[in-house]
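The values are calculated or read from the model by the stated rules, or taken from the named source; none is laboratory data. Quick caveat: nothing in here was measured; it's all calculated off a predicted structure. Note that each Cβ is placed from the backbone with ideal geometry, even for glycine, and that neighbours are counted across all protein chains shown. To get the accessible areas, we keep the full protein, side chains included, count just its heavy atoms, and leave off ligands, DNA and RNA. Shrake-Rupley method; radii C 1.70, N 1.55, O 1.52, S 1.80 Å.
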Amino acid sequence: MRSPRREFLRTVGGLGAIVVSAGLLARSPRALAQQADPILAGRPLVRYPEKTDLILLTSRPPQLETPMTYFDRAITPNDAFFVRYHTFPVPTSVDVGSWRLRVTGLVDRPLELSLADLKAKFSKAAVTAVAQCSGNSRGRFAPRVLGGEWGDGAMGNAEWVGVRLRDLLAAAGVRQGAVQATFEGLDKPAFPSVPHFVKSLDIRRVMDDPDVIVAYQMNGRELPMLNGFPARLVVPGWYSTYWVKNLSEIAVIDHVFEKFWMKPAYRIPDTPCGCVEPGTAPKNTVPISRMTVRSFIGTPANGARVVPGRPVTLKGIAFDGGYGVREVEVSDDSGVTWRRAQLGPDLGRYAFREWSAAWTPASAGDYTLMVRALNAIGESQGYEPLWNPAGYLRNVVERVTVHAG
Amino acid sequence: MRRTLGIATLVLALPLAAAAQLKTITLPPDHPYGELKPGPGVEVTQRACRACHSTDYIVMQPRGDAKQWEAVLTKMIKVFGASISDEDAKAIVGYLSTVYGK
């Protein structure tokens with residue numbers, strides 16, 4: 001049998017683009033953590049345009065996962081931000097001179113806005129918010145479910161700057177009878193039978209929420225092409241399935257949009273937990289929306305070695321669906337005892353909240369470190385994972401194992 | 001300045017001072033990690049399943065019996081419009097449930 005370590009070295013070694021020697025890479029905390037992970041072991045690290053080394057999920061369409069070592073801090077760098085597309089081909093070339101964002105449908109004045117129009121004609125809005133794929137951590141589901149078999153790195157937090165969606169809609173003049181707006185991007189599947197990726201939101205939801213923006217800037221720079229250049233929708237607190245990338249058209253409609261990517265895709269069981277008995281099918285479903293509470297340990301990495309008696313700083317992030325993180329706790333004894341972690345700066349209720357905790361392994365041996373968060377309305381995380389057939393909403397208490405010795 | 005391999009940003013000065021700004025990236029080919037393992041039926045599976053996405057979509061899935069893979073084929077055909085004959089579908093399910101079976 002081939003060991004995961006060998007498999008990893010083989011896949012990484014096959015990649016000409018990586019200059020670091022495989023031996024060095026194998027000893028880094030990032031590589032160790034990947035090898036120790038049953039879902040990620042064997043997946044190559046790849047370097048795509050405008051991106052640093054990320055874990056490959058699929059080549060076509062490009063889907064890339066962020067290594068866990070980036071989650072010891074609040075802001076995820078643009079080049080480390082995960083990539084998720086649904087269909088192929090994806091946009092690889094955009095002429096900003098001719099790109100237009102169109103606002104059409106049930107409006108008084110249809111708009112065709114250039115990037116310069118967005119910047120000059122509308123007031124600037126900024127929000128720091130977590131983008132997380134609905135299926136983040138799908139690979140951890142038991143029983144397993146089909147789909148993009150992500151580890152936990154289909155998430156990231158950035159400062160987004162752009163214009164308020166409600167300002168755009170107000171400029172166009174939403175007519176009586178408007179129910180939803182649909183959003184589509186430049187990605188158009190080559191096969192006409194494959195449904196084009198179109199998402200929708202209730203008009204009331206977007207008119208009420210000043211934080212829903214069309215963002216043309218991410219962490220102070222233009223968006224990477226694979227994260228939605230030149231502009232994408234940002235729907236803080238909601239799973240990033242709604243954050244349509246390479247945005248090109250907003251249409252106001254008089255009904256609830258129910259094409260493939262709204263129904264039957266991206267639905268959760270219509271139960272209070274969004275879950276069902278493992279292995280069973282839900283009776284009714286609703287579109288996925290607000291994110292559940294999660295927290296992660298970014299450092300030390302899973303499988304890392306620490307020294308007995310020597311202090312270590314545990315660091316990580318916590319977030320929820322927009323109420324804000326109130327408290328983070330850590331445990332070094334598999335959840336028997338918990339103590340409070342120190343929270344970092346508050347970047348707003350939609351952002352990653354950094355946390356840290358000093359910890360000293362008392363003696364040699366393996367330690368299971370755990371983290372859990374509580375949000376402002378008292379929602380937290382459970383020890384037992386919740387299950388649904390699409391592999392959404394995961395928010396079980398996370399753990400990493402470290403070896404002291 | 002940050003310039004990553006594979007992006008080109010061209011700024012062309014146009015008459016009326018309107019600048020055309022082109023941003024282009026080049027994506028790498030399918031990575032060998034997603035290649036299907038050899039076995040009877042691998043060719044037809046490759047032919048049928050590489051049109052819309054790379055086969056890493058297949059190799060990353062949990063292993064499964066014929067029922068799992070039949071359901072996958074039904075979805076690819078009925079929902080996404082993959083054109084696969086009944087005969088090929090049978091061979092593909094046979095291949096997947098053997099090479100990526102339980």
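Considering only residues that are touching a Gly at 6+ places or on another chain (Cβ under 9 Å) and of a type in the set (Ser, Thr, Tyr), look in the stretch A:120-166 and name the one that is nearest to B:Ile58 (Cα to Cα).
A:Ser137
Kindly establish whether B:Ala48 is more than 12 Å from chain A (Cβ to nearest Cβ) and within 22 Å of B:Pro32 (Cα to Cα). Working first, answer last.
Details: more than 12 Å from chain A (Cβ to nearest Cβ): yes; within 22 Å of B:Pro32 (Cα to Cα): yes.
So B:Ala48 passes the test.
Could you check B:Ala17 against (1) modelled with pLDDT of 95 or more; (2) surrounded by fewer than 12 Cβ atoms within 10 Å (Cβ to Cβ) and say which number it fails?
For B:Ala17, the exception is condition (1).
Cβ-Cβ under 9 Å, sequence separation 6+ or interchain: first residue in the stretch A:33-54 and at the interface with chain B (Cβ under 10 Å from one of its Cβ atoms) and farther than 25 Å from A:Ala142 by Cβ, partner at pLDDT below 95 and not in a loop (DSSP other than H, G, I, E, B). Which pairs?
A:Pro44/A:Phe8; A:Pro44/A:Thr11; A:Pro44/A:Val12; A:Pro49/B:Ile7; A:Glu50/B:Ile7
Just a yes or no: is a residue in the stretch A:357-367 buried (at least 16 other Cβ atoms within 10 Å of the Cβ), in contact with a Lys or Arg (Cβ under 6 Å, 6 or more places away or on another chain), among the hydroxyl-bearing types (Ser, Thr, Tyr) and over 22 Å from A:Asn136 (Cβ atoms)? Walk me through it before giving the result.
The first filter runs over the stretch A:357-367 and keeps only residues buried (at least 16 other Cβ atoms within 10 Å of the Cβ), leaving A:357, A:359, A:361, A:367.
After this cut, where a residue has to be in contact with a Lys or Arg (Cβ under 6 Å, 6 or more places away or on another chain) as well, the list is none.
Taking every residue of the stretch A:357-367 in turn, none turns out to be buried (at least 16 other Cβ atoms within 10 Å of the Cβ), in contact with a Lys or Arg (Cβ under 6 Å, 6 or more places away or on another chain), among the hydroxyl-bearing types (Ser, Thr, Tyr) and over 22 Å from A:Asn136 (Cβ atoms).
Look at the stretch A:55-73 and say how many of its residues are more than 7 Å from every other protein chain (Cβ to nearest Cβ) and open to solvent by 10 Å² or more (accessible area, probe 1.4 Å).
Result for the stretch A:55-73: 5.
With the structure loaded, tell me whether A:Pro264 is within 14 Å of chain B (Cβ to nearest Cβ), more than 30 Å from A:Leu113 (Cα to Cα), modelled with pLDDT of 95 or more and surrounded by fewer than 20 Cβ atoms within 10 Å (Cβ to Cβ) or whether it fails that test. Lay out the reasoning, then the answer.
On the way: within 14 Å of chain B (Cβ to nearest Cβ): yes; more than 30 Å from A:Leu113 (Cα to Cα): yes; modelled with pLDDT of 95 or more: yes; surrounded by fewer than 20 Cβ atoms within 10 Å (Cβ to Cβ): yes.
In short, yes.
With respect to A:Gly322, determine if the residue is modelled with pLDDT of 95 or more, touching a Phe, Trp or Tyr at 6+ places or on another chain (Cβ under 7 Å), closer than 12 Å to A:Ile297 by Cα and surrounded by 16 or more Cβ atoms within 10 Å (Cβ to Cβ). Walk me through it before giving the result.
Details: modelled with pLDDT of 95 or more: yes; touching a Phe, Trp or Tyr at 6+ places or on another chain (Cβ under 7 Å): yes; closer than 12 Å to A:Ile297 by Cα: no; surrounded by 16 or more Cβ atoms within 10 Å (Cβ to Cβ): yes.
Against the criterion (modelled with pLDDT of 95 or more, touching a Phe, Trp or Tyr at 6+ places or on another chain (Cβ under 7 Å), closer than 12 Å to A:Ile297 by Cα and surrounded by 16 or more Cβ atoms within 10 Å (Cβ to Cβ)), A:Gly322 does not qualify.
Which is more than 19 Å from the chain's Cα centre (by Cα) and at positive phi, of A:Gly348, A:Gly391, A:Gly344, A:Gly365?
Details: A:Gly348 fails: more than 19 Å from the chain's Cα centre (by Cα); A:Gly391 fails: more than 19 Å from the chain's Cα centre (by Cα); A:Gly344 fails: at positive phi.
Result: A:Gly365 is the single residue among A:Gly348, A:Gly391, A:Gly344, A:Gly365 that is more than 19 Å from the chain's Cα centre (by Cα) and at positive phi.
Hand me the list of strands (runs of 3 or more DSSP E) wholly inside the stretch A:80-164 holding 1 or more residues that are within 19 Å of A:Pro49 (Cβ to Cβ) and of a type in the set (Ser, Thr, Tyr).
Values: elements: A:93-95, A:101-105, A:111-113, A:124-132, A:155-164.
By residue number, A:93-95.
Restricting the stretch A:97-140 to residues that are of a type in the set (D, E, K, R), within 14 Å of another protein chain (Cβ to nearest Cβ) and over 24 Å from the mean Cα position of the chain (by Cα), which is surrounded by the fewest Cβ atoms within 10 Å (Cβ to Cβ)?
A:Arg100
Got a sec? Which helices (runs of 4 or more DSSP H) wholly within the stretch B:34-96 have at least 1 residues that are closer than 26 Å to A:Leu45 by Cα and not polar (S, T, N, Q)?
On the way: elements: B:42-49, B:56-59, B:66-78.
By residue number, B:42-49, B:56-59.
Do any strands (runs of 3 or more DSSP E) lying entirely in the stretch A:317-388 carry at least 1 residues that are touching a residue at least 60 places away in the same chain (Cβ under 8 Å) and more than 18 Å from A:Ala129 (Cα to Cα), and which ones are they?
Numbers: elements: A:325-331, A:353-359, A:365-375.
Once the strands (runs of 3 or more DSSP E) in the stretch A:317-388 are filtered for at least 1 residues that are touching a residue at least 60 places away in the same chain (Cβ under 8 Å) and more than 18 Å from A:Ala129 (Cα to Cα), what remains is A:365-375.
Please enumerate the residues belonging to the stretch A:243-259 that are under 22 Å from A:Val90 (Cβ atoms), touching a Ser or Thr at 6+ places or on another chain (Cβ under 8 Å) and open to solvent by less than 10 Å² (accessible area, probe 1.4 Å).
A:Ile250
Can you pull out the residues in the stretch B:57-73 that are over 13 Å from B:Thr45 (Cα atoms) and facing chain A (nearest Cβ under 10 Å)?
Correct list: B:Met60, B:Gln61, B:Pro62, B:Arg63, B:Gly64, B:Gln68, B:Ala71.
Show me the strands (runs of 3 or more DSSP E) entirely contained within the stretch A:201-297 in which 2 or more residues are over 30 Å from A:Ser356 (Cβ atoms) and under 17 Å from the mean Cα position of the chain (by Cα).
In the stretch A:201-297, the matching strands (runs of 3 or more DSSP E) lie at A:232-234.
With respect to the numbered conditions (1) exposed (fewer than 15 other Cβ atoms within 10 Å of the Cβ); (2) touching a strand residue (DSSP E or B) at 6+ places or on another chain (Cβ under 7 Å); (3) among the hydrophobic types (A, V, I, L, M, F, W, C), which one is the sole condition not fulfilled by A:Ala215?
The failed condition is (1).
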